[in-house]
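What follows is a single structure, written as structure tokens, with notes after it.
The values are calculated or read from the model by the stated rules, or taken from the named source; none is laboratory data. Owing to the predicted nature of the structure, the values given are computational and were not obtained by experimental measurement. Every residue, glycine among them, receives a Cβ derived from its backbone with ideal geometry; neighbour counts consider all protein chains shown. Heavy atoms of the whole protein, side chains included, go into the accessibility calculation; ligands, DNA and RNA do not. Shrake-Rupley method; radii C 1.70, N 1.55, O 1.52, S 1.80 Å.
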Amino acid sequence: MILSVAVLVSHLAGAPPLSSYQPEPAELQRARRLMLSRPGECVALTHFFLQRKEAKPASMFNSRQELDKLEQAKRYRTRGQTFTAWQLQALCQANDDQLLTADASINQAISLARRHRQSDALVTALLIKAKLALASEHADQAQTLLDEAQKAILPSDLTLMGDLQLLQATLLMYRHRYDEARQLLEQVRLQALQQDDALHQSWANFLLGDYYLQLQQDELALSHFLETLDVLGDRRQFYVKALAAKKTAAIYAALGQNDKALQFANQSTTEFEQLGNSPLLISSLLNLGRVTRAGDDANLALVYFFNALDLVKIQGDTEQMAALYLEIGQSYSWLGSYKEAQHYLDLARTGFERTHDLPHLADTLIQLGKMHLAQTEYGVALLRLERARIIAEQLDDVVKLMETHRLLAQLFEQSGNMAAALTHQKALHAYFQRATNVNRLLTQSLVQDNELQLQQERELSELGRRSEKLLQDRERFALLAAGLSLLSPLLLYGLLRNHIRSRRLWRQNQELQQSLLIEPLTGLPNWRKLMQRLPKEMARQQQRSEQWYLNEELARPFDDKIYYLLLQVPFMSSLRERLGLAQSTEIQQQLGAYLRGRIHPRSRLYDLRDGQFIYAIPQKEVAELAPILTALERMFAEFPCQYELDRRIFTGIIGHPFLPKAPNALDDLRLGDILYLALAGARQLAEITQESAWVELVAVDCQQAAFFTGDVRSCCIQGIMKGLVKVNSSHKKQQIDWQALQPELPSTHQG
């Protein structure tokens, strides 16, 4: 599409400003607004306007004529309006991916401008046609058009001169003449800065960022993209701001700074959403989902992918639909939801096979192979990976070949076929060396911008290989041939044995690390797993809470909490005494498997031992707490067991951030103290009612963080007594004796 190739400057769409007594018609004003968001409607509006009769210069009306004559003038189009309509129609057709019809429309504008000798309209039309030629990869034609426009342009018209220079710089980069492009862009940038022209300055910065990206100088590229966003500020230039934010997010993601990558990916999506162009918004949501998944939040990434899928289904784009199925399947596989992953990856594979999209089909097969390998389904994984390898060889895609050989080596190693694993390891190493050499040569070519230099590099490499071969023939063949023939088998055996041993130790270490995060009896994640995730999760929620507070949206309550429910299951603490070790172990294993299949798909359950569990679920997944609590009580009540069990559960509930206006006031330990206080209140109610009970503690909006300084349990009890902490419960909350839960202070004795 033209948007991804040519420089988009909004005022290129129209002719010079019309005089005050000749305002731009409503059709053209609306078409200009819809040029990016709905190009199809823009084309229809300009086509409708061009059906008007053209007014002759002798019959032009002025501002002193009667109202009826001015109304009559609305039925005609002036020469200047005709220029604008043809130019607008060409850009809208290009944005709608109709390059041939766009070229025909702009030819009409050029012919009209030449016939009436309108130099400014001619230059504008020539720039648009050059843009279309560059989008169609006709570089020579684009250069001819730019040369013609430069001859016709007036020196005093700085705006059109800036547009021409930006297009010229784009063409130079397309031809890999990077030094000339950089000098021209720096010139445009300096001129725009002196003239306070933010639009041209921002585009010059953006193209300089692209220039440094192509030279693989990410830090310099990042500074120019950030400067683009800074120059535009709050201006309604959604397109260039969205592009700059998207490229900034990609650089931060490559640098491993996932928080900043996510910030700018969100900004890019917001700008594209305000722009109103669905294909660009879909692309941005796809990028945002990938960045979010790279930041270890595949659940949130799925939300973005499904939002993009809804938009794609409206448009009916089967290629993008298959691409989204691939991303959704990969996310579910990352989460370990293999059934859903299998479904969406199969949909993606079918879509790519239908459209003969071999690169994406290979990616899908690699993901399917990886998923089956994770489930130790070696036969199916081998079929998928072998087919992916064959496609990658057809495409000569080194990256995909490296990945397929890596996975095949892992598969054969896990299945015990060490010879086949070694073969694929060697193939992986060979392709890695090839990719390294190609990347080095391409980088050198970009930096020096000279094809001759690339040829010299190849010749030097060839001479180096020949020299090395001669040196080996002279010095090593005579002295080391016999020794190498004897030592090679021993060295190979030692290397292979050491490799196998290190791989076995690595696998054992991985298995040990995973087992440390699982409670052995129930098979559920344990407190180590909780403490591994909780600080990161709290930090993310605190950041969102601070953004909510700093954005001055205090009229809207904070709705992005995570609810933590501390469950006390009485029958778990007395199983061993009642039934013995063997029966209690069997019941706990059955309970763990049962709970994993019954909890909410977006929630997490941790086993803290001694009959205590932590159940965490986002507020956005919970319309009300009551159904969740009812489901939890029913879940334990319906647990199939032949023995008589105390089916009651006691539940303490809090949400994090507990203090939305001061999220950093409470860390994970202090938050745990409040959660156990809520559980203690629930146990009091259960002792009184002999039923299941729950207590929720909610900080009211008016409380201050300073009130919770000191022993958090005492402070919370004082907050409850003073009304600063609200208590919700399953029974009458007046039955809870909070003073009895006050921590006992050490007694003091007077001497």
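Odds and ends about this structure:
- Summed residue charge, Cβ within 12 Å of VAL231's Cβ, Lys/Arg positive, Asp/Glu negative: -2
- Counting 0.36 nm for each residue step from THR709 to HIS356 and taking away their Cα separation leaves a gain of 120.6 nm.
- Solvent-accessible ranking of HIS656, HIS600, HIS47, HIS424, largest area first, probe 1.4 Å: HIS47, HIS600, HIS424, HIS656
- The stretch 119-272, accessible area per residue, ligands and nucleic acids excluded (1.4 Å, Å²): 42 Å²
- Ranked from largest to smallest solvent-accessible area, with a 1.4 Å probe on the protein heavy atoms, SER268, SER573 come out as SER573, SER268.
- Averaged over residues, the count of other Cβ atoms within 10 Å places the peptides 77-84, 187-194, 616-623 in the sequence 77-84, 187-194, 616-623, highest first.
- Expressed as a whole percent, the accessible area of the stretch 608-746 that falls on carbon and sulfur atoms is 49 (1.4 Å probe).
- Averaging over all projection directions, the Cα-based convex hull of the stretch 212-359 occupies 9.3 nm² in the image plane.
- The stretch 121-239 - percent of accessible surface contributed by carbon and sulfur, probe 1.4 Å: 47 percent
- Å² of accessible area per residue within the stretch 320-377, as computed with a 1.4 Å probe and no ligands counted: 42 Å²
- Förster radius 22 Å - calculated FRET efficiency between SER603 and GLU340, Cβ distance, rounded to 0.05: 0.85
- Apportionment of accessible area to carbon and sulfur, the stretch 295-353, percent (1.4 Å): 49 percent
- Amide H contacts of ILE649 (H built 1.01 Å from N, under 5 Å, at least 5 apart or other chain): SER692, ALA693
- The order of TRP738, TRP86, TRP506 by accessible area, most exposed first and with a 1.4 Å probe, is TRP506, TRP86, TRP738.
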